[in-house]
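Participant: Just dropping this structure here.
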Amino acid sequence: MATGDCTLRWMRRMGAALMLAGTAVGATAQATGCAGMDALRVPGAQMQVAACLADLSTRYLVATGHTDASDWLPLHSVATRNPPDAVPGVQLDGYFPDTSTANTYRGWNHDAQFVIRLPEQWNGKLVITGAPGVRRQYANDYLISDWVLSRGYAYASTDKGNSGTSFYSDGAAPGDAIAEWHLRVTELTQAAREVVAQRYGRAPERTYITGISNGGYLTRWALENSPELYDGGVDWEGALWRAEGPNLFTYLPTALRDYPRWRSGLDPLARQRMLDAGFAPGSEFLWDHHYLVYWDLTQRTYREEIDPGYDGSLAAGLPFCLSGLPACDADYVYAQRPQAVKDAVARISLTGRIGKPLITLHGDLDALLPIRTNSDAYVQRVRGSGRGHLHRYYVVEGGNHVDQLYDVFPDRLRPIAPCWRAAFAALETWVETRGQHRPPDSRTLPRTGSDLANRCPLE
């Protein structure tokens, strides 16, 4: 798929959202159970703004200016349906003290922004998440917030403390920006639990963490490093960082170097080198899109975060440079970089030593974070650390890193969203029956059924 085709589809979806914003009936009405809202205080927040809303779901949040659709529209399939009923309640927007300014929402120009949603009809539980990629606190609104709020959960999300394609400029040392994500998700979890107690008169009975991509990475990190704060989590295709590999830098340079060679037909062995690096056989139809949209930008920006010395004074290298040019990321060889680079990766590495139940989902056609170098490798770490009894791993046949591409390739892909919903429900049962009703054994979820965008049985 060409970049222009993707942009056109995104613009059409944005137009539909804006039409909804102009026609929604009753969108500006307030919820009825907001007494005491102004007394709520987010511990540690430097700024907070409260709103009493008739509906906390995205269809009304767009209309009332309480979400940013550009943060979440490109992530889900247009076929994915959310629960239709309104969920009235309170929304708190704000930010914690921070020195970086990339997040421009509300004109605040301040990072460490958060959103907390408190439904009138509360089920006694809380969901925490962090933004995927380098998006902001609203990125999970359609895929996660809408669904968990409809089930009565309180919900909180963070921008992770930095956002945008220059996120690497935050911090003083290599790895600082990513390491801040750990601080921010912990900070939000503790604050949101206290806000919930203020709002409802009692602390949450259960706190779950979940997320997509970098949010999945944070889910893994949280259950390894702060399991006492959570009851369990669902990791949706999280990234894996290991100082000894695998990590982004052990396969993305191969893609940047060998994909153009394979596409040109000049090097018949280039495809095999990509498969050897971890890319899945059968994912070739996705490679052009990922080369144009994801691989180059991801390699350069994350490499700048971890190894800024590679390209000297340049900021994140040279876009789409050809192999052979000085400091070209297509020629980056992680194994040959100084020990300080491995030490920076070690700061953000995962161990697999989870302390609470975790369910991992990953698509077998993920062409950004290949399943072999990310979740397959992470599962080995979990089992090797003796924590396999706390883990389930579901491989989604036909799943890719972004559900939106299902709209372009409906005959070859499937959205992961319904599989995540099924996994989250299974996690609830696992935790809340104290392990008496465990999820199905780890397995591949076949690409079968008449409604792939909304149904995904785990058995």
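The values are calculated or read from the model by the stated rules, or taken from the named source; none is laboratory data. Source: prediction; values computed, not measured. Note that we place each Cβ from the backbone using ideal geometry, even for glycine, and neighbour counts take in every protein chain shown.
Participant: Quick one: in the range 352-377, which of the residues that are touching a helix residue (DSSP H, G or I) at 6+ places or on another chain (Cβ under 6 Å) and closer than 15 Å to Trp221 by Cβ is surrounded by the most Cβ atoms within 10 Å (Cβ to Cβ)?
Facilitator: Leu358
Participant: Then there's this: Quick one: in the range 296-312, which of the residues that are in a helix (DSSP H, G or I) and surrounded by fewer than 18 Cβ atoms within 10 Å (Cβ to Cβ) is nearest to the chain's Cα centre (by Cα)?
Facilitator: The qualifying residue nearest to the chain's Cα centre (by Cα) is Leu297.
Participant: Here is a follow-up. Given Gly238, Gly282, Gly233, which one is surrounded by fewer than 20 Cβ atoms within 10 Å (Cβ to Cβ) and outside any helix (DSSP H, G or I)?
Facilitator: Gly282
Participant: Next question, about the same structure. Going residue by residue through the range 378-388, is there one that turns out to be outside the structural domain of Pro132 (by TED's automatic domain parsing) and crowded, with 22+ Cβ neighbours inside 10 Å?
Facilitator: yes
Participant: Could you tell me which residue of the range 326-353 is nearest to Thr444 (Cα to Cα), considering only residues that are touching a Ser or Thr at 6+ places or on another chain (Cβ under 8 Å) and part of a loop (DSSP other than H, G, I, E, B)?
Facilitator: For the range 326-353, the residue satisfying everything is Gly352.
Participant: If you go through the range 429-443 one residue at a time, do you hit one that is of a type in the set (Gly, Ala, Ser), assigned to a loop (DSSP other than H, G, I, E, B) and over 28 Å from Ser349 (Cβ atoms)?
Facilitator: So far as the range 429-443 goes, yes, one or more of its residues are of a type in the set (Gly, Ala, Ser), assigned to a loop (DSSP other than H, G, I, E, B) and over 28 Å from Ser349 (Cβ atoms).
Participant: Going through the range 429-446 one residue at a time, which ones are crowded, with 17+ Cβ neighbours inside 10 Å and either within 30 Å of Asp407 (Cβ to Cβ) or modelled with pLDDT under 95 (or both)?
Facilitator: Answer for the range 429-446, where residues must be crowded, with 17+ Cβ neighbours inside 10 Å and either within 30 Å of Asp407 (Cβ to Cβ) or modelled with pLDDT under 95 (or both): Pro439, Leu445.
Participant: Take the conditions at pLDDT 95 or above and either loosely packed, with under 15 Cβ neighbours inside 10 Å or closer than 30 Å to Arg434 by Cβ (or both) and apply them to Val293. Does it pass?
Facilitator: Spelling it out, it is not the case that Val293 is at pLDDT 95 or above and either loosely packed, with under 15 Cβ neighbours inside 10 Å or closer than 30 Å to Arg434 by Cβ (or both).
Participant: Go over the candidates Ala203, Ala197, Ala191, Ala222 one by one and state the one that is in contact with a helix residue (DSSP H, G or I) (Cβ under 7 Å, 6 or more places away or on another chain) and assigned to a helix (DSSP H, G or I).
Facilitator: Ala222
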